[in-house]
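Below: one structure, written as structure tokens.
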Ligand SMILES: [Zn+2]
Ligand SMILES: [Zn+2]
């Protein structure tokens, strides 16, 4: 399985390109979140057939409207956007509403097929593009799913935005071929009060979540707030976790 963290900045600083928006490309044809999906090459966007949204926050779906327009092709099936009930409602009410962007949802019902919306059922595995994808509820300020993605030989968790959580680790640990977890580390430790309120992780909380994952699984830190990046990295490295990696945008991970 190939997973690429889609870049979301046009210039790099000394830490590489900052990570403002979240999108994971999985094996070319599937995306998890659409924060920066509409910024990758047109050729790469055109290959995406399914988009899974973890939740409604703008850093996870900011470029979805651009992506839908960029990939519209009347000669092929429309892209399917999967999300929990809350995300699907937000897309219809707040994005594709003929104010922020054309109502591609209604237009798709009436003829021109721009996109198909599909509501996810928590815990129910979907099989497509050679992958088994299981949405699992995690702990964030709006209804949010993490995803377990399994190609039969490797399984990976993309945990989404979350504070301390349990179910996704129980499910993932039951998989014999669990290889990696992409885990958020949004705020530095001195912002732990904000992390509690916003239901995100600090490096200390990150360590507690990583300890819930069985041994020999790569733990890849993502969703580090750009303006606190160096401090968060320093605190993560100080944890001394043997399987820790700091996620790099633009990098393709293979499992
Ligand atoms: Zn969020
Ligand atoms: Zn986020």
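The values are calculated or read from the model by the stated rules, or taken from the named source; none is laboratory data. Quick caveat: nothing in here was measured; it's all calculated off a predicted structure. Positions of Cβ are backbone-derived with ideal geometry, glycine not excepted, and every protein chain shown enters the neighbour counts.
A compact table of results
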quantity: Selection count, segment 213-255, where residues are in contact (Cβ under 8 Å) with a residue 24 or more places away in the chain and at positive phi; calculated: 3
quantity: Selection count where residues are more than 25 Å from residue 23 (Cβ to Cβ), in a helix (DSSP H, G or I) and either modelled with pLDDT under 95 or in contact with a strand residue (DSSP E or B) (Cβ under 7 Å, 6 or more places away or on another chain) (or both), scope segment 214-249; calculated: 0
quantity: From the options 112, 108, residue that is more than 16 Å from ligand 1 (Cβ to nearest atom), more than 22 Å from residue 9 (Cβ to Cβ), surrounded by fewer than 21 Cβ atoms within 10 Å (Cβ to Cβ) and in contact (Cβ under 8 Å) with a residue 40 or more places away in the chain; calculated: 112
quantity: Every residue from segment 34-47 that is in contact with a strand residue (DSSP E or B) (Cβ under 8 Å, 6 or more places away or on another chain) and assigned to a helix (DSSP H, G or I); calculated: 37, 44
quantity: Segment 124-142: number of residues that are touching a strand residue (DSSP E or B) at 6+ places or on another chain (Cβ under 9 Å) and within 11 Å of ligand 1 (Cβ to nearest atom); calculated: 1
quantity: Of all residues making up segment 143-155, the number that are within 16 Å of ligand 1 (Cβ to nearest atom) and out of contact with any helix residue (DSSP H, G or I) (no Cβ under 7 Å at 6 or more places or on another chain); calculated: 3
quantity: Enumerated helices (runs of 4 or more DSSP H) restricted to segment 156-212, each holding at least 1 residues that are free of Cβ contacts under 8 Å to residues at least 12 places away in the same chain and either away from ligand 1 (no atom under 16 Å from the Cβ) or out of contact with any helix residue (DSSP H, G or I) (no Cβ under 8 Å at 6 or more places or on another chain) (or both); calculated: 167-173, 192-198
quantity: Looking only at segment 3-17, and only at residues there that are in a loop (DSSP other than H, G, I, E, B) and more than 25 Å from residue 145 (Cβ to Cβ), the one that is farthest from the chain's Cα centre (by Cα); calculated: 14
quantity: Condition check for residue 50: in contact with a strand residue (DSSP E or B) (Cβ under 8 Å, 6 or more places away or on another chain), surrounded by fewer than 21 Cβ atoms within 10 Å (Cβ to Cβ), over 18 Å from residue 252 (Cβ atoms) and in contact (Cβ under 8 Å) with a residue 60 or more places away in the chain; calculated: yes
quantity: Segment 210-231: number of residues that are within 18 Å of the chain's Cα centre (by Cα) and within 16 Å of ligand 2 (Cβ to nearest atom); calculated: 7
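For every residue, the table says whether it meets (1) buried (at least 23 other Cβ atoms within 10 Å of the Cβ); (2) within 16 Å of ligand 2 (Cβ to nearest atom); (3) modelled with pLDDT of 95 or more; (4) closer than 22 Å to residue 246 by Cβ.
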site: 16; (1), (2), (3), (4): no, no, no, yes
site: 67; (1), (2), (3), (4): yes, no, yes, no
site: 78; (1), (2), (3), (4): no, no, no, no
site: 81; (1), (2), (3), (4): yes, no, yes, no
site: 85; (1), (2), (3), (4): no, no, yes, no
